[in-house]
C-alpha cells in the first residue's frame, strides 16, 4: 500500500501526458484545451441574482465570458470546471475542512467515490478541468483549516491516473493558517494541482481583510500577487504551471450584508477602470486567465454598475484573445519606458508585436517610449484603448490613473 508520503513523491516526479498538463521541461503558461489550442478563461464563479438567470447567462455568453466555475447546472456554450465535493466526514471534521480529494482518512471509500465522480463527469459537456477545494491553505475568516497538501496529493495522483482533465485549485493569497505571511507555507499546496490561482479583492479594504503581506494595498497589488505566483510555480526560470487570477466582482459591503463577517465590511464595488486595470495588471504580470468572484452579491442598484463593467471588460478580453494567448517576449528586450509606475508586456501574435501598458498609479503618469531592435513607425490602439494612435517620433504617452493601453506596433519597412 502506498503511504501519503509516497503519493506526494509520485506527484512530484510524474510527467502527465494529458493535453492540459505539463510534459517534460517545457514552459506551460496556458491551459491546453482538448482541441490542442491555448485556453484563456474569462470566467465567472457565479452570475448576479437579480433578473432572469437564463437571460443573465445569455448576457454573459454574448459579452465574451467563456468559462463558468461549476457551471451551475446550466453551462451550454461555456467551458466549465467540475467541482470535487467535500466527501464523507473525516474523523477530524470538527477541526479541519474536508475534501473528497483528501485521502488522509477513509482513503478506500473516497477513492471509490472519486472513481464514480470521474465516470459521471469525464465526458460531461463543457468540462475541461477539475476544481479542488477552495483555499485549502488559508481561509482567514474564522473557518477551520483546509485539507493537508499530502492528503490532497494522494487524491490528485488518482485523478491523474484515471482522468484526462487537469486539476485546478484556487488558493488564498497567503501562506497557511498558522503563518499567512510566509509564502513558503503555500509551496506544498502548489505542488498538488496542474493549474493554480489565488484570489485577491483589494478594492474597499480587501488587502487588509485577506491579510496581504505585501506593501501595495490597492488595485496594483493584483500584479504583485500574480508575479509572486508565477515565480513560485517556476523552476530555473521556466513557468511550469498555468496561473489564473481570481479577481474582484463584488463589494465587501454587499458581501457583508449577506453573510456574517468577523468584522464590519463596508467596502464599495470596483469601478469600470478598476476592473479593467486589475484584469490587465494580471495579464501583464503573467496570468493565463482571469475569473471574477462575487457577482452573485451585486445589488440591483449598484452605483458602479459592476455587472456592466465586468461584461465590458470580458468583451475586450475576448476580442484580444489572439493577443492574450500569444507567446510573450521579455519587455525590456524590446521597449524602454522612462516611468517606473507604468508597466508593459509584449505579445507576439502571428509574428506581429503588441504592447500592453498600464499605469499602476492612482495618479496620472507620463512615460516616454524607446525601442530596441525594431524601428516602429506607429502604435495603433487595440481593444477599448482610448489613448490616440501614435506616430514616430513618439511623443510621451500620458495615462490616466490605472489606465490601460494596448497598441499594435507597426514597424517601418526596411
Does residue 265 satisfy being at pLDDT below 95 and touching a helix residue (DSSP H, G or I) at 6+ places or on another chain (Cβ under 9 Å)? yes
Answer yes or no as to whether residue 95 is in the same structural domain as residue 129 (by TED's automatic domain parsing), at pLDDT below 85, within 20 Å of residue 31 (Cα to Cα) and not in a helix (DSSP H, G or I). no
If we keep only residues of the stretch 333-347 that are loosely packed, with under 15 Cβ neighbours inside 10 Å and touching a residue at least 12 places away in the same chain (Cβ under 8 Å), then the residue farthest from residue 31 (Cα to Cα) is 338
Among 152, 101, which is the only one that is buried (at least 18 other Cβ atoms within 10 Å of the Cβ), in contact with a helix residue (DSSP H, G or I) (Cβ under 6 Å, 6 or more places away or on another chain), closer than 28 Å to residue 261 by Cβ and modelled with pLDDT of 95 or more? 101
Evaluate the stretch 247-261: report whether one residue or more is more than 18 Å from residue 208 (Cβ to Cβ), buried (at least 16 other Cβ atoms within 10 Å of the Cβ) and at pLDDT 95 or above. yes
Under the condition of being part of a loop (DSSP other than H, G, I, E, B) and in contact with a helix residue (DSSP H, G or I) (Cβ under 8 Å, 6 or more places away or on another chain), which residue from the stretch 30-49 is farthest from residue 234 (Cα to Cα)? 49
Scanning the stretch 99-121 residue by residue, those in a loop (DSSP other than H, G, I, E, B) and under 25 Å from residue 293 (Cα atoms) turn out to be 99, 100, 101, 102
Given the criteria modelled with pLDDT of 75 or more and buried (at least 16 other Cβ atoms within 10 Å of the Cβ), does residue 66 qualify? yes
Please find, within the stretch 128-149, the residue that is surrounded by the most Cβ atoms within 10 Å (Cβ to Cβ) out of those that are within 19 Å of the chain's Cα centre (by Cα) and modelled with pLDDT under 90. 138
Are there strands (runs of 3 or more DSSP E) fully within the stretch 239-346 with at least 1 residues that are in the same structural domain as residue 54 (by TED's automatic domain parsing)? List them. 243-248, 290-293
Could you pull out the residue among 157, 191 that is touching a residue at least 60 places away in the same chain (Cβ under 8 Å), under 20 Å from residue 234 (Cβ atoms) and in the same structural domain as residue 107 (by TED's automatic domain parsing)? 191
Residue 41: at pLDDT 90 or above, within 20 Å of the chain's Cα centre (by Cα) and either surrounded by 13 or more Cβ atoms within 10 Å (Cβ to Cβ) or closer than 21 Å to residue 155 by Cβ (or both), yes or no? yes
Look at the stretch 175-187 and say how many of its residues are out of contact with any strand residue (DSSP E or B) (no Cβ under 9 Å at 6 or more places or on another chain) and either free of Cβ contacts under 8 Å to residues at least 40 places away in the same chain or not in a helix (DSSP H, G or I) (or both). 9
Answer with yes or no whether residue 194 is closer than 21 Å to residue 146 by Cα and surrounded by 19 or more Cβ atoms within 10 Å (Cβ to Cβ). yes
Filtered residues of the stretch 104-121 (kept if surrounded by fewer than 24 Cβ atoms within 10 Å (Cβ to Cβ) and in contact (Cβ under 8 Å) with a residue 12 or more places away in the chain): 104, 105, 106, 107, 109, 111, 113, 114, 115, 117, 118, 121
Starting from the stretch 122-139, keep only residues that are in contact (Cβ under 8 Å) with a residue 40 or more places away in the chain, then list their pairs with residues that are part of a strand (DSSP E or B) and surrounded by fewer than 19 Cβ atoms within 10 Å (Cβ to Cβ) whose Cβ atoms are within a distance under 7 Å, requiring at least 6 positions of separation or different chains. 131/83
So which residues in the stretch 316-333 are farther than 14 Å from residue 383 by Cα and modelled with pLDDT of 95 or more? 325, 326
Does residue 244 satisfy being farther than 26 Å from residue 342 by Cα and in contact (Cβ under 8 Å) with a residue 12 or more places away in the chain? no
Looking at (1) over 14 Å from residue 354 (Cβ atoms); (2) assigned to a loop (DSSP other than H, G, I, E, B), which is the only condition residue 374 fails? (1)
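The values are calculated or read from the model by the stated rules, or taken from the named source; none is laboratory data. All of these numbers come straight from a predicted model, not from anything done at the bench. All Cβ positions, glycine included, derive from the backbone under ideal geometry; neighbour counts span all protein chains shown.
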